[in-house]
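**Student:** Next up is a structure, given as structure tokens.
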Amino acid sequence: MPTYFEKKQLVTPGELLAEGDYLAGNNTYAEDNKIYAQRIGLADLDNKKVNVVALRSFYFPKVGDVVIGTVLEVGFSGWTVDIKAPYTALLRASDVLSRPFKPQNDELSQVLNGGDLIVAKIASYDRAHDPQLTVGEPGLGKITRGQIIKVTPSKIPRVIGRKGSMISMIKQETGCQIILGLNGVILVTGKNPEDEELAMSAIQKIEEESHTSGLTDRITHFLKEEKTKREENKNE
Amino acid sequence: MSSLLTRVRLKQIEQLIEKAKRLDGRGLGDYREIKIEQGLIEKAEGSARVLLGKTEVLVGVKVETGTPFPDTPNDGVLTVNAELVPLASPTFEPGPPDENSIELARVVDRGIRESKAIDTEKLCIEPGKKVFVVFVDIYVLNHDGNLIDASALAAVSALLNTKMPNYEVKDGEVIIKQGYTPLPMKSHPITVTLGKINDKLIVDPWLEEEQVMDSRLSMAFNDEGNICAIQKGGGGYFTQQQILEGMKLAQEKAAELRKKMDW
Amino acid sequence: MNEKPEKLINKKGLRLDGRKPDELRPVKIEVGILSNADGSAYIEHGKNKILAAAFGPREMHPKHLSLPDRMVLRCRYHMAPFSVEERKSPAPSRREIELSKVIRESLEPSVFVEYYPRTGVDIFIEVLQADGGTRCASITAASLALADAGIPMRDLVVACAAGKVDDTVVLDLFDTEDKVGSADVPLALMPNLNAVTLLQMDGILKPEEFEKAVNLAIEGCQKIYALQKEALKTKYMLIEQEEEVEE
């Protein structure tokens, strides 16, 4: 019962990964007792499951996910939101307003307008309908401060790090608040734009080097160096 | 897309194919009944109507004079066009030719052109200046599957029915005289289309089979049984094995059809 | 207008461009070169220079073109006016429309369309310079663009043509051979599944010659597939190599 790859080997769609008593995990598919890769990524074996961590992918809505989106349009009874997914999402007015929605009285654009950023949760989604959002929980709602950076959604776990080690370190080193949208959109809010940019460049570096090892140490090193450089520039 | 087949019907067709049978009682390698009528449009220089089962295609040929292409100054010109007229199917909409009618025209054209069916050298009136231009217009009147084979058959039948006006060249002018000569033909290509349903190859798919099949393969053969055009169509795929198997089957069928034609 | 060459294969058995009958033209591939597309690839195959981009999966406009249970592929194959010897009008020709269709049909079987109902993916192919075999090179690039866009696929699709010049079955015809030769057989393949997704032919071939051409084209496809994989891996390995050098 052979596998045809080494741990963390870069594989491409259609490459034969294993034959025999194996299960098709993430980004793989099974046909005729064989497991093939579906996307470009790093292959791994977890017990009997063959997984591929995709290096190129896009976000697919899942109920319960926290996402960050941009309001596209104000409609009659709600807003359409771009969550960087194959489907646009809907946020109903009734979800945002704490009372029943009256079209003649309530001016939706006053509440949320095109271009506004929101943190929301996916309340419902199925194959026949676009995802519905909710902002009715603490921590969700309109974003008023901070900057946005977009990464490939499959890299979000890397940004979090093992047991949250990476993200805690960045927050500590930069003093920023960071909200991770599972759709790959990240909100960074700091005391000043320089701190925010520092955090964002760290995140960008993680995305570019996500498939390498010793990343947490390297990013820590990078942040400390950048902060030192900033200090030196200030003193000159 | 079209009038969707019910799942029950789909399954029915698939199950029968497994048993090497088809809904209309045909074997996997059988053509439907073919009826050909020539010369029914008197105003065209040539015409033919083919009934392949219930699929009906009318081809009209018009012959006019024109200028040759610069890289073939001594050859006449062939141009093939196809129209999927709206009355032929609820899925055909009025408008300029879409990708399906363009593909149909080009596939039929390829079979005729590559087999050198028309002796284009004999269509030359004045080298480099004036030649006969043969317009083959395919008119699909009823779509019940396998438009390619029906159209190809109708096109060749229409060309065989085509008469060119007699002429003489006086002082650089082309003057039409009395009488006609048949269009000079060198070859009579025959096209065979196969469909693939669950790894089985079927000949001459009809409309409902076309909705079930995952791929089609059309091959044109000249009088010697050599291949002069191939077009795989539809999504889906064929294995290397199926292609070679299909070629042998198509060659066989083309020879069978050829015997039936009194060309 | 160039003179038509008399012989396409010389006494030494070499073709007009110096190649042996079973030799491929040089191929160079780069992935992810367009920043606005979701996925992209650039290919140089002989003198062909072709750009392919994929946008999607995304909602379709107009909406009524979408399907309730699957993703729809749309493909536009287009040649730049300056890509050929005699300027080509920018308006889509019948040939481009047919090629757009067959290229789309060659890529469809490789994509898991059932995963994304009610969406579409648009594939745009621009031929910047043409020298025979553009539909094949286009398919090779477009498949990489789809993979680069992160769309789950059964396999990559790779394409190559074989044909006949003088009396020899040859691999990978360039423009002159295509125009003056006696047959051209473009073929596209999902290399790991041995599935042929594009097959066309024009010219005249005996059945044995056709069989030889198909086999030769498939061999050519496998060679180009190795280059496709390399192009994808190069893009992601590059960063790792940089890291090693620093340390």
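**Student:** Regarding A:ILE35, is this residue crowded, with 16+ Cβ neighbours inside 10 Å, of a type in the set (Val, Ile, Thr), within 25 Å of A:ILE148 (Cβ to Cβ) and at pLDDT 95 or above? Spell out the reasoning first.
**Tutor:** Working: crowded, with 16+ Cβ neighbours inside 10 Å: yes; of a type in the set (Val, Ile, Thr): yes; within 25 Å of A:ILE148 (Cβ to Cβ): no; at pLDDT 95 or above: yes.
Against the criterion (crowded, with 16+ Cβ neighbours inside 10 Å, of a type in the set (Val, Ile, Thr), within 25 Å of A:ILE148 (Cβ to Cβ) and at pLDDT 95 or above), A:ILE35 does not qualify.
**Student:** Scan the range A:134-186 for residues that are small (Gly, Ala, Ser) and over 16 Å from A:ASP116 (Cβ atoms) and jot them down. Can you show your working first?
**Tutor:** Looking only at the range A:134-186, we keep the residues that are small (Gly, Ala, Ser), and these are A:136, A:139, A:141, A:146, A:154, A:161, A:164-165, A:168, A:175, A:181, A:184.
If the condition is that a residue be small (Gly, Ala, Ser) and over 16 Å from A:ASP116 (Cβ atoms), then A:GLY136, A:GLY139, A:SER154, A:GLY161, A:GLY164, A:SER165, A:SER168, A:GLY175, A:GLY184 are the ones that fit.
**Student:** Now a separate question. Quick check, is A:GLY141 of a type outside the set (Asp, Glu), without any contact (Cβ under 8 Å) to a residue 60 or more places away in the chain and more than 14 Å from chain C (Cβ to nearest Cβ)? Can you show your working first?
**Tutor:** On the way: of a type outside the set (Asp, Glu): yes; without any contact (Cβ under 8 Å) to a residue 60 or more places away in the chain: yes; more than 14 Å from chain C (Cβ to nearest Cβ): yes.
Considered against the rule, which asks whether it is of a type outside the set (Asp, Glu), without any contact (Cβ under 8 Å) to a residue 60 or more places away in the chain and more than 14 Å from chain C (Cβ to nearest Cβ), A:GLY141 comes out as yes.
**Student:** Which of the residues spanning the range A:17-32 are crowded, with 21+ Cβ neighbours inside 10 Å and in contact with a Pro (Cβ under 9 Å, 6 or more places away or on another chain)?
**Tutor:** Hits for the range A:17-32 are A:ALA18, A:ASN27.
**Student:** Name the single residue, out of those in the range C:150-160 being under 15 Å from the mean Cα position of the chain (by Cα) and not β-branched (Val, Ile, Thr), that is farthest from the other protein chains (Cβ to nearest Cβ). Spell out the reasoning first.
**Tutor:** First pass over the range C:150-160, keeping only residues under 15 Å from the mean Cα position of the chain (by Cα): C:155-160.
With not β-branched (Val, Ile, Thr) added as a condition, the list becomes C:155-156, C:159-160.
Numbers: C:ASP155: 3, C:LEU156: 5, C:ALA159: 12, C:CYS160: 14 Å.
Looking at residues that are under 15 Å from the mean Cα position of the chain (by Cα) and not β-branched (Val, Ile, Thr), I get C:CYS160.
**Student:** Of all residues being more than 7 Å from chain C (Cβ to nearest Cβ) and surrounded by fewer than 18 Cβ atoms within 10 Å (Cβ to Cβ) in the range B:233-250, which is farthest from B:ASN146 (Cα to Cα)? Just the residue, please.
**Tutor:** Residue satisfying both the conditions and the ranking: B:GLN241.
**Student:** While we're on this one: Answer yes or no: is there a residue in the range B:198-211 that is within 12 Å of chain C (Cβ to nearest Cβ) and within 23 Å of B:GLU103 (Cα to Cα). Can you show your working first?
**Tutor:** Step one: list which residues in the range B:198-211 are within 12 Å of chain C (Cβ to nearest Cβ), which gives B:199.
Retained after the next criterion (residues that are within 23 Å of B:GLU103 (Cα to Cα)): none.
The answer is no; no qualifying residue exists.
**Student:** Sticking with this one: Of the residues that make up the range C:11-34, is at least one in a strand (DSSP E or B), within 12 Å of chain A (Cβ to nearest Cβ), at pLDDT below 95 and under 21 Å from C:ALA145 (Cα atoms)?
**Tutor:** no
**Student:** For the range C:161-174, how many residues meet the condition of being within 15 Å of the chain's Cα centre (by Cα) and either surrounded by fewer than 24 Cβ atoms within 10 Å (Cβ to Cβ) or farther than 28 Å from C:LYS229 by Cβ (or both)?
**Tutor:** From the range C:161-174, those within 15 Å of the chain's Cα centre (by Cα) are C:161-162, C:171-174; that's our starting set.
Cutting the leftovers down to either surrounded by fewer than 24 Cβ atoms within 10 Å (Cβ to Cβ) or farther than 28 Å from C:LYS229 by Cβ (or both) gives us C:171, C:174.
Selection size over the range C:161-174: 2.
**Student:** Quick one: B:HIS188 ticks every box in (1) within 11 Å of chain C (Cβ to nearest Cβ); (2) assigned to a loop (DSSP other than H, G, I, E, B) except a single one, so which number is it?
**Tutor:** Condition (1) is where B:HIS188 drops out.
**Student:** Now a separate question. For the range B:63-83, name all the residues that are in contact (Cβ under 8 Å) with a residue 60 or more places away in the chain, in contact with an Asp or Glu (Cβ under 8 Å, 6 or more places away or on another chain) and assigned to a strand (DSSP E or B). Steps first, please.
**Tutor:** Filtering the range B:63-83 down to residues in contact (Cβ under 8 Å) with a residue 60 or more places away in the chain leaves B:63-68, B:80, B:82.
From what is left, the residues that are in contact with an Asp or Glu (Cβ under 8 Å, 6 or more places away or on another chain) are B:63, B:68, B:80, B:82.
Once the filter is applied, which keeps residues that are in contact (Cβ under 8 Å) with a residue 60 or more places away in the chain, in contact with an Asp or Glu (Cβ under 8 Å, 6 or more places away or on another chain) and assigned to a strand (DSSP E or B), the range B:63-83 yields B:VAL63, B:VAL80, B:ALA82.
**Student:** Turning to a different aspect of this structure: Any residue in the range A:197-211 that is within 14 Å of chain C (Cβ to nearest Cβ) and closer than 14 Å to A:THR152 by Cα sitting within a Cβ distance under 9 Å of a residue that is part of a helix (DSSP H, G or I) and aromatic (Phe, Trp, Tyr)? List the pairs, counting only those 6 or more apart or interchain.
**Tutor:** A:LYS205/A:PHE222; A:HIS211/C:TYR236
**Student:** Which residue, of C:ALA53, C:ALA91, C:ALA37, is within 23 Å of C:TYR236 (Cβ to Cβ) and assigned to a loop (DSSP other than H, G, I, E, B)? First the steps, then the outcome.
**Tutor:** Working: C:ALA53 fails: assigned to a loop (DSSP other than H, G, I, E, B); C:ALA91 fails: within 23 Å of C:TYR236 (Cβ to Cβ).
Being within 23 Å of C:TYR236 (Cβ to Cβ) and assigned to a loop (DSSP other than H, G, I, E, B) holds for just one of C:ALA53, C:ALA91, C:ALA37, which is C:ALA37.
**Student:** Give the residue, chosen from C:ALA142, C:ALA137, C:ALA147, C:ALA130, that is buried (at least 24 other Cβ atoms within 10 Å of the Cβ), in contact with a strand residue (DSSP E or B) (Cβ under 8 Å, 6 or more places away or on another chain), away from chain A (no Cβ under 14 Å) and not β-branched (Val, Ile, Thr).
**Tutor:** Values: C:ALA142 fails: away from chain A (no Cβ under 14 Å); C:ALA147 fails: away from chain A (no Cβ under 14 Å); C:ALA130 fails: buried (at least 24 other Cβ atoms within 10 Å of the Cβ).
Of the residues listed, the single one that is buried (at least 24 other Cβ atoms within 10 Å of the Cβ), in contact with a strand residue (DSSP E or B) (Cβ under 8 Å, 6 or more places away or on another chain), away from chain A (no Cβ under 14 Å) and not β-branched (Val, Ile, Thr) is C:ALA137.
**Student:** Among the residues of the range C:33-53, what is the count of those that are out of contact with any strand residue (DSSP E or B) (no Cβ under 6 Å at 6 or more places or on another chain), in contact (Cβ under 8 Å) with a residue 60 or more places away in the chain and among the small types (Gly, Ala, Ser)?
**Tutor:** So the count comes out to 1.
**Student:** Give the range A:1-54 a look and list any residue that's among the aromatic types (Phe, Trp, Tyr) and either under 16 Å from C:PRO191 (Cα atoms) or not in a loop (DSSP other than H, G, I, E, B) (or both), or say none. Steps first, answer last, please.
**Tutor:** Going through the range A:1-54, the residues among the aromatic types (Phe, Trp, Tyr) turn out to be A:4-5, A:22, A:29, A:36.
Correct list: A:TYR29, A:TYR36.
**Student:** So, one more: If I ask for residues that are under 21 Å from A:ALA128 (Cα atoms) and more than 10 Å from chain B (Cβ to nearest Cβ), which ones from the range C:75-116 would you list? Break it down stepwise before answering.
**Tutor:** At the first step, the residues of the range C:75-116 found to be under 21 Å from A:ALA128 (Cα atoms) are C:111-116.
If the condition is that a residue be under 21 Å from A:ALA128 (Cα atoms) and more than 10 Å from chain B (Cβ to nearest Cβ), then C:PHE112, C:GLU114, C:TYR115, C:TYR116 are the ones that fit.
**Student:** Which one of A:ALA54, A:ALA30, A:ALA37, A:ALA24 is touching a residue at least 40 places away in the same chain (Cβ under 8 Å) and small (Gly, Ala, Ser)? If you could, list the steps in order and put the result at the bottom.
**Tutor:** Values: A:ALA30 fails: touching a residue at least 40 places away in the same chain (Cβ under 8 Å); A:ALA37 fails: touching a residue at least 40 places away in the same chain (Cβ under 8 Å); A:ALA24 fails: touching a residue at least 40 places away in the same chain (Cβ under 8 Å).
Of A:ALA54, A:ALA30, A:ALA37, A:ALA24, the one residue that is touching a residue at least 40 places away in the same chain (Cβ under 8 Å) and small (Gly, Ala, Ser) is A:ALA54.
**Student:** Name the single residue, out of those in the range A:32-85 being of a type in the set (Lys, Arg) and within 17 Å of C:ILE151 (Cα to Cα), that is nearest to the chain's Cα centre (by Cα). Let's see the steps before the verdict.
**Tutor:** Taking the range A:32-85 as the starting set, the residues that turn out to be of a type in the set (Lys, Arg) are A:34, A:39, A:48-49, A:56, A:62, A:84.
Applying the additional criterion that residues be within 17 Å of C:ILE151 (Cα to Cα) yields A:39, A:56, A:84.
Values: A:ARG39: 18, A:ARG56: 13, A:LYS84: 10 Å.
Only one residue fits best here, namely A:LYS84.
**Student:** Could you please tell me which pairs satisfy a Cβ distance under 9 Å, a separation of 6+ or placement on different chains, a first residue in the range B:201-230 that is under 10 Å from B:ALA254 (Cα atoms), and a second residue that is small (Gly, Ala, Ser) and assigned to a loop (DSSP other than H, G, I, E, B)?
**Tutor:** Filtered contacts from the range B:201-230: B:ALA220/B:SER115; B:PHE221/B:SER115; B:ASN222/B:SER115; B:ASN222/B:ALA117; B:ASN222/B:SER187; B:ASP223/B:SER115; B:ASP223/B:SER187.
Conditions tested, residue by residue: (1) more than 12 Å from chain C (Cβ to nearest Cβ); (2) in a helix (DSSP H, G or I); (3) in contact with a helix residue (DSSP H, G or I) (Cβ under 6 Å, 6 or more places away or on another chain); (4) crowded, with 22+ Cβ neighbours inside 10 Å.
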{"residue": "B:PHE92", "(1), (2), (3), (4)": "yes, no, yes, no"}
{"residue": "B:PRO97", "(1), (2), (3), (4)": "no, no, no, no"}
{"residue": "B:ASN100", "(1), (2), (3), (4)": "no, yes, no, no"}
{"residue": "B:ALA105", "(1), (2), (3), (4)": "no, yes, no, yes"}
{"residue": "B:ILE112", "(1), (2), (3), (4)": "no, yes, no, yes"}
{"residue": "B:VAL131", "(1), (2), (3), (4)": "yes, no, yes, yes"}
{"residue": "B:VAL140", "(1), (2), (3), (4)": "yes, no, yes, yes"}
{"residue": "B:ASP149", "(1), (2), (3), (4)": "yes, yes, no, yes"}
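The values are calculated or read from the model by the stated rules, or taken from the named source; none is laboratory data. Since we're looking at a predicted model, the values are computed, not measured. All Cβ positions, glycine included, derive from the backbone under ideal geometry; neighbour counts span all protein chains shown.
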